[in-house]
Amino acid sequence: MTTGRRTWPLYEVFVRGKRGLNHVHVGSLHAADDEMALHNARDVYTRRNEGVSIWVVRADLITASSPDEKDPFFAPSADKVYRHPTFYAIPDEVPHL
Amino acid sequence: MSPHAQEQDPTNAYQSLSETTEHDDPRWAFGSGFEDVQAEIEAPVPDGADAADLAEYCLMLGDDALICSHRVSEWVSNAPELEEEVALANTALDLLGQARVLLSRAGHVEGAGRDEDALAYLRGEAEFRNVGLAELGDDLDFGVAVARLLVFSTWRLALLSRLRDSRDPVVAAVAAKGVKELTYHRDWAARWALRLGDGTDESHRRMQAGLETVWPHVEELFRTSDVERRLVDAGVATDPAATREEVDAVLDQVLAAATLTRPTLPGRGTLGGRAGRQGAHTEALGHVLDRLQSLARAHPGASW
Amino acid sequence: MPEETQALEAQFDATVAADRRIEPRDWMPEGYRKTLIRQIAQHAHSEIIGMQPEGNWILRAPSLRRKAILLAKVQDEAGHGMYLYAAAETLGVDREDLTERLIDSRQKYSSIFNYPALSYADIGVIGWLVDGAAICNQVPLCRCSYGPYARAMIRICKEESFHQRQGYELLLAMVNGTDTQREMVQESVNRWWWPSLMMFGPPDGDSPNTQQSMAWGIKRHTNDELRQRFVDMSVPQAAALGVTLPDPDLRWNADRGAHDYGEPDWAEFKAVISGSGPANAQRVAHRRRAHDNGAWVREAAQAYADKQAARTKEAAA
């Protein structure tokens, strides 16, 4: 069931500015699917410069390391790129937690 | 901090403010296309082509772009999502850039001292040469907007692909640059036609309704004017009638994939054989020009 | 406070104190997170709402070159809004939620966009004064302690400087035009000068959150410091244009090495912030209408993507 409140998923955008360089993260955008994400990434982040190479990947498919180096490497702390130990949406009404 | 270090400081936005303001910084000529064809605007009229015909032809192609750009610009701050704000503005800028070069060429070839702005802002409705599809209002209905851009960009891409070989260097240059732009616009519109046509029940209905709204203006796209006929012989223009097969094939492919039905509505009638190419427009153009020209006309002799 | 949290907080404080960046997955105090979400969201909303006063003139721009410039500028603002919403999303909020808060008037945007753009001179003055004030506010944010915000601001500041220049260049063309155009410029400066000064927020004595924000490295200068910098920058620019800034108290103070200037009407500022500016209702209603009118389109794209994904899966099975 879709509703008007549902957001298109978040994508991370990586661009290779010119040959010989790595792709680097340049930002994010929302898109309904991979193709739209590529299309929009070209519009927004490269102003349609045809020479560059673009990668897009859904943010929720990225696995990220923990910033805390003390974490055991194989512990389940490896998580989503924006996950945080206290990651949760805070309703406006809730006072300081 | 040494002056050199400051030069390298990417966070120093003040620095660029102190640099001199160049009149046409390429960043801000964005979309004008002038950087590519400035020299060619003053090229001589190709042998065998009538100057008045060429000026008129540049108006046709330029007015299509200018008026369609205006309609797309109406979407600014009204798009269904922020990403689409950027895409729609790109389309409007591309078309505006094409219009500026073509109107400049028309003014030069005409030889009466009119520049792009005199042609855009000081002509009356009957002097505009665009097709009705460009001036059609969409009332900010995304279904109509997508339908119009699908048909318009498919048709214009077919025209411009052929015009890359035009014997007029400006028409050829605009076509060469425009083919890349129109390929992009057509791709954008086709993808949205798929999403809307094969999305929800409501979007299917609204996309189909959008097609029905634009369809009466399709017939006109393939009608060859006398000016075009003469310029085809001179190797300057392309015959729009010859693009019909290609345009139909593309539209049929997109509509089928999008589960949409090709409308069977009759084409909009002419005024005694005259339509947009002869300056006979729908009522919508007057309202477009009211907005487009109001400020420029209110300040004769002003410089902006 | 549990021992573990104390250790994390010490690490956070040390990072900020060393002028290093906090990144999305780092531990951060809840107040820091909430302050950033509020500030970045307001900033993003301002970019999006800010498209309206200028968008109001795109269709009527008086030359095709000016039209192209204005379209490109307003397009940049949509892009800036996207960068900023993305920065906010790294803090665990969702763009759709932030948009809902904007159109329900639960979150604010810069007070300046609640003033109407009434003449084409306003396009120049918005570039010169409003974007100029925004740059004063934003350049220090390029060094904000929160990495994603700082990076977004670097990109935005580069483009903003073009915006300010195009505005100033338009005004130069207009003051060199007809008498009517010169009058338009002065009239526009008269309307926008004081609201531009208000963009820096209330005076320091009335800005209770400033100290905490500075301690967190979110803010680098106080409101009054930035306002002073803006006034000092604008005075010679106004002189070069030959326009008068509408402040009888504005004069150079050699002792301070800065300009003295009059007090903005803070009652007006408070009224505009709390919803009764000249264009508040119109701005929010416009944004709500665009968002609501787009709902069926966004749903369709999602439905199509879901269908395609299901088809791909079926084909693979």
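The values are calculated or read from the model by the stated rules, or taken from the named source; none is laboratory data. The shown structure was predicted, so the numbers you read here are calculated from the model rather than taken from an experiment. In this analysis, Cβ positions are derived from the backbone assuming ideal geometry, glycine residues included, and neighbour counts consider all displayed protein chains. Protein only, heavy atoms only, side chains kept; ligands, DNA and RNA dropped before computing areas. Shrake-Rupley method; radii C 1.70, N 1.55, O 1.52, S 1.80 Å.
Free of any trypsin sites (Lys or Arg not before Pro) that DSSP assigns to a loop and that have at most 13 other C-beta atoms within 10 Å, the longest stretch within chain C is C:107-255. The share of Cα pairs per 10 Å bin across segment B:149-251, counted from zero up to the longest distance, runs 15, 40, 30, 12, 3, 0 percent. Using a probe of 1.4 Å, the accessible surface attributed to C:Asp255 totals some 150 Å² when neighbouring protein chains are kept in position. Between chain B and chain A, roughly 1500 Å² of accessible surface gets buried, counting both sides and using a 1.4 Å probe.
Heavy-atom accessible area for B:Asp201, with the other protein chains in place and a 1.4 Å probe, reaches approximately 140 Å².
Per residue, the convex hull spanned by the Cα atoms of chain B measures out at 160 cubic angstrom. Of the solvent-accessible surface of segment C:1-316, computed with a 1.4 Å probe and all protein chains present, 52% belongs to carbon and sulfur. Relative to the compact globular guide of 2.2 N^0.38 Å, what is the alpha carbon radius of gyration of segment B:57-148, as a ratio? Dividing the Cα Rg of segment B:57-148 by 2.2 N^0.38 Å gives 1.15. Cross-linked pairs C:Lys108/C:Lys270; C:Lys108/C:Lys219; C:Lys158/C:Lys270: Cα-Cα separations exceed 22 Å for C:Lys158/C:Lys270. Going through segment B:75-132, which chymotrypsin sites (Phe, Trp or Tyr not before Pro) have at most 12 other Cβ atoms within 10 Å and a DSSP loop state? Counting only loop positions with at most 12 other Cβ atoms within 10 Å, none of the chymotrypsin sites (Phe, Trp or Tyr not before Pro) in segment B:75-132 qualifies. Ligands, DNA and RNA left out, the 1.4 Å accessible surface of segment A:2-65 is 50% carbon and sulfur atoms. Overall, chain C carries a charge dipole of about 1020 debye about its Cα centre when +1 sits on the Cβ of Lys and Arg and -1 on the Cβ of Asp and Glu, all other atoms neutral. The loop-placed GluC sites (Glu not before Pro) in segment B:204-289, going by DSSP, that have at most 16 neighbouring Cβ atoms within 10 Å of their Cβ come out as B:Glu283. The Kirkwood hydrodynamic radius of segment C:233-317, based on inverse pair distances between different Cα atoms, is 18.9 Å. In plain terms, the bigger the Kirkwood radius, the slower the diffusion; for segment C:1-76, with that radius from Cα pairs, at 37 °C and 0.692 mPa s, Stokes-Einstein puts D at 206 µm²/s.
If you model segment C:1-316 as an ellipsoid using its alpha carbon gyration tensor, with each semi-axis the square root of five times an eigenvalue, the axes come out at 35, 29, 17 Å, biggest first. Summarised in one figure, the compactness ratio Rg/Rh of the protein assembly as shown, Cα atoms and Kirkwood Rh, is 0.98. Put simply, segment C:278-317 fits an ellipsoid with semi-axes of 39, 6, 4 Å; these come from the alpha carbon gyration tensor as the roots of five times its eigenvalues, largest first.
Entry comment: accessible area of the protein assembly as shown is 41 Å² per residue, from protein heavy atoms only and a probe of 1.4 Å. Using a 1.4 Å probe over protein heavy atoms, the accessible area lost on pairing A with C, summed over both chains, comes to approximately 3100 Å². Computed from the alpha carbon positions, the gyration tensor of segment C:142-183 leads to an equivalent ellipsoid with semi-axes of 36, 7, 5 Å, biggest first. In square nanometres, what is the average projected area of the Cα convex hull of segment A:2-65? The directionally averaged projection comes out at 5.3 nm².
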